[in-house]
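Visitor: Dumping the structure here so I can ask a few things about it.
The values are calculated or read from the model by the stated rules, or taken from the named source; none is laboratory data. All figures in this text were calculated on a predicted structure; none of them were measured in a lab. Please note: Cβ atoms are built from the backbone with ideal geometry, for glycine as well, and neighbour counts cover all protein chains shown. Just so you know, the surface numbers come from the protein's heavy atoms only, side chains and all, with ligands and any DNA or RNA stripped out. Shrake-Rupley method; radii C 1.70, N 1.55, O 1.52, S 1.80 Å.
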Amino acid sequence: MSATTTPRTTVTEREARQVAEAARQQDWHKPSFAKELFLGRFRLDLIHPHPLPDPESERRGEEFLTRLRAFCETEVDSARIEREARIPDEVVAGLKELGALGMKIDPKYGGLGLTQLYYNKALALAGSASPALGALLSAHQSIGVPQPLKMFGTQEQKDAFLPRCARTDISAFLLTEPDVGSDPARLATTAVPEGDDYVLDGVKLWTTNGVVADLLVVMARVPKSEGHPGGITAFVVEAASEGITVENRNAFMGLRGIENGVTRFHRVRVPAANRIGPEGAGLKIALTTLNTGRLSLPAMCAGSGKWCLRIARQWAAEREQWGKPVALHEAVGSKISFIAATVFALEAVVDLSSQMADEDRHDIRIEAALAKLYGSEMSWLIADELVQIRGGRGYETAESLRARGERGVPAEQMLRDLRINRIFEGSTEIMHLLIAREAVDAHLSVAGDLIDPDKTLSDKARAGANAGVFYARWLPKLVAGPGQLPTSYAEFKHGVDLSGHLRYVERHARKLARSTFYAMSRWQGRMETKQGFLGRIVDIGAELFAMSAACVRAERMRGEGRHGREAYQLADAFCHQARVRVEELFGRLWSNTDELDRKVVRGVLGGAYEWLEEGVVDPSGDGPWIADATPGPSTRENARRPFGS
């Protein structure tokens, strides 16, 4: 097997962690429900009563949703997008006419100025018509040019680029490289200062919207020099600039209509005026942008879940086995119950997090990350269960179903389309580590120096004293709480009793905090290597957050007279299901195969089990595992194809 010839940027694990740590937002200026939850403090007052949109933003949002729905129902042919692996130019032109490119952009720049709540509802709607459509709009607005400029751009940059993004131009975000994924410390693309410009060289991979984009946000490393502090820096780049070549339009298992490619930069000149923020702030800008940008993905996951529920309900009532609808057989009925209850919770998590983002009274970085993690994992399970409920028809393509005279239900496509959500915008494994880092931030703030090998003895002594004070106050509060009082949260008892679930959340938030403290005491500096443990801690927190959101949403709906009884039933079912998962996760904190797995992995990598691979052929052939990304001029034809060109 050939090896890649790409020169690799080598950094140690410690150096990579230092880069990531420097980029994260380190201060907490606003309260965070999820942060408190991981610390064992169930602050229901931060989310209940459920925050509400103001009437004017609700009116504008609903009016746009009505127009978008009409467009999606009449102008979007999902089967054609899947068949041709492209979104037709006329569909994109229609979206521009609707103003869908500027949903989150302020009206003074030509946008619609929708709230995060209604932006996410619009993405869920568009994504249900075609997941590729949702991906196009989300990549353009959630992580493309509009969001970082909104938060970090100069007034001149906003005036120059936001009107274009609102009505005419598609944008893309370029961070990943062929040999650089979630370890940006090894970023190889460079931006070398030359006069009033920067000169970009490098290759970017998996550039969603990159094939059709007019504007790019590019992350590149500025070398340190006199007058230039250097570091990873963000730039707005014109996609038609000389020296930019889209070398390949990538094809995937799902989302076949997305315009995702490989983009090469060779001596691309970018004006210094197009730099977003100071040199070295690129990663911080990217991560801060993602704090709310991540909510777009779980919004589309919730929308997909709604569609799965609709198909499951209709099919399971129509299909009969052994004299009755399959829905009435327990083996199938339990799947439908899981889908319905989980869809209710997914929407509760997204709506609550979105409204909290709109109010801007809370720090929602953990909530948004949990929503992304939970939405991507649970929607995949929902789609998998739908395929199982549909049986052979679930595995058959929609085109094949239509060809033989049946309704063209794209269940297998939904499964393929949703699978990427567990990987991009932070894989499940990376999200576990990211959330875990934030969840233990309070501990590291007071005791981190104790386990830092670079700290002096006096630093460690001072940290020990601070930690003693913190834990003397904190630990006793984890012993007892409202969750042990049968009268707590009585306002959540209306026919169906949800108060017991909230008491469960309160008790298990304290148990979660105690477990985290015990693990830190046991493993200390090795805690960061216990990724299996940290992942389970985060998954427990995600379940507790979802339970809280589901109960608060049910009470809100009851108070508004909107399907209150049914909402309570769904919240009750979801919480019971979630409690089963929580109990299993707690059990696996201390009873697992993590150590045994590590031994097996060492054996696999060392070749001890190569004999197990005998008896098969490998159809993948030869070639490098990672494509050559050596800087230089492109030797390929430019595959860039702006919409309407």
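Visitor: Within the stretch 192-295, list the chymotrypsin sites (Phe, Trp or Tyr not before Pro) lying in a DSSP loop whose Cβ has at most 10 other Cβ atoms in a 10 Å radius.
Guide: Within the stretch 192-295, no chymotrypsin sites (Phe, Trp or Tyr not before Pro) qualify (loop, at most 10 other Cβ atoms within 10 Å).
Visitor: Further, regarding this structure: What percent does the relative contact order of the stretch 414-498 come to when contacts are Cα pairs within less than 8 Å and at least six residues apart?
Guide: Values: 22 pairs, mean separation 13.2, N = 85.
16 percent.
Visitor: Carbon and sulfur together cover what percent of the accessible area of the stretch 372-468 at a 1.4 Å probe radius?
Guide: Details: 2440 of 4380 Å².
Of the solvent-accessible surface of the stretch 372-468, carbon and sulfur hold 56 percent.
Visitor: For every other residue with a beta carbon closer than 12 angstrom to the beta carbon of Val91, add +1 if it is Lys or Arg and -1 if Asp or Glu, then tell me the sum.
Guide: -3
Visitor: With the cut-off at 26 Å, report for the stretch 457-571 the share of all Cα pairs above it, as a whole percent.
Guide: Result for the distance tail: 39 percent.
Visitor: Net charge around Gly426, counting only other residues with Cβ within less than 11 Å of its Cβ (Lys, Arg = +1; Asp, Glu = -1)? Present the calculation step by step, with values, prior to reporting the outcome.
Guide: Numbers: positive: Arg294, Lys372, Arg422; negative: Glu425, Glu429.
After counting each charged neighbour, the total is +1.
Visitor: Here's a follow-up. Need one number: nm distance between label points at Glu73 and Phe470, each 7 Å from Cα along Cα→Cβ, rounded to one decimal.
Guide: Using points 7 Å along Cα→Cβ, the separation is 5.5 nm.
Visitor: Here's another thing I want to ask about it. Over the Cα atoms, compute the radius of gyration (one decimal) and Dmax (the largest Cα-Cα distance, rounded to a whole number) for the stretch 245-343, in Å.
Guide: According to the Cα coordinates of the stretch 245-343, Rg and Dmax are 23.3, 73 Å.
Visitor: Quick one: the Cα spread of the stretch 38-162 along its three principal axes, in angstroms, biggest first?
Guide: 51, 36, 31
Visitor: Still on this model: Determine which lysines satisfy two conditions relative to Lys96: a Cα distance under 25 Å, and not lying fewer than 8 residues away in the same chain.
Guide: The qualifying lysines are Lys104, Lys108, Lys121, Lys150, Lys158.
Visitor: Still on this model: Rounded to the nearest whole Å², what accessible area per residue is found for the chain with the 1.4 Å probe?
Guide: Spelled out: the 1.4 Å probe surface of the chain, per residue, equals 45 Å².
Visitor: When only the heavy atoms of the protein chains count and the probe is 1.4 Å, how do Leu434, Leu502 rank by accessible area, highest first?
Guide: Final ranking, largest accessible area leading: Leu434, Leu502.
Visitor: Picking from Thr115, Pro184, Ala573, whose Cα lies most toward the positive end of the charge dipole for the chain (charges on Cβ: Lys, Arg +1; Asp, Glu -1)?
Guide: Ala573
Visitor: So how much accessible area does Tyr518 have, in Å² to the nearest 10, using a 1.4 Å probe?
Guide: Using a 1.4 Å probe on the heavy atoms, I get roughly 120 Å².
Visitor: Out of the total accessible area of the stretch 225-330 (probe 1.4 Å, heavy atoms of protein only), what percent is carbon and sulfur?
Guide: 52 percent
Visitor: Which value, in debye to the nearest 20, gives the size of the charge dipole of the chain about its Cα centre, when Lys and Arg are +1 and Asp and Glu are -1 at the Cβ?
Guide: 1420 debye
Visitor: Mind listing the Cα extents of the chain along all three principal axes, in Å, largest one first?
Guide: 76, 70, 65
Visitor: Excluding same-chain residues fewer than 8 positions from Lys511, which aspartates and glutamates have a Cα within less than 19 Å of its Cα?
Guide: Partners found: Glu36, Glu438, Asp441, Asp539, Glu543, Glu583, Glu584.
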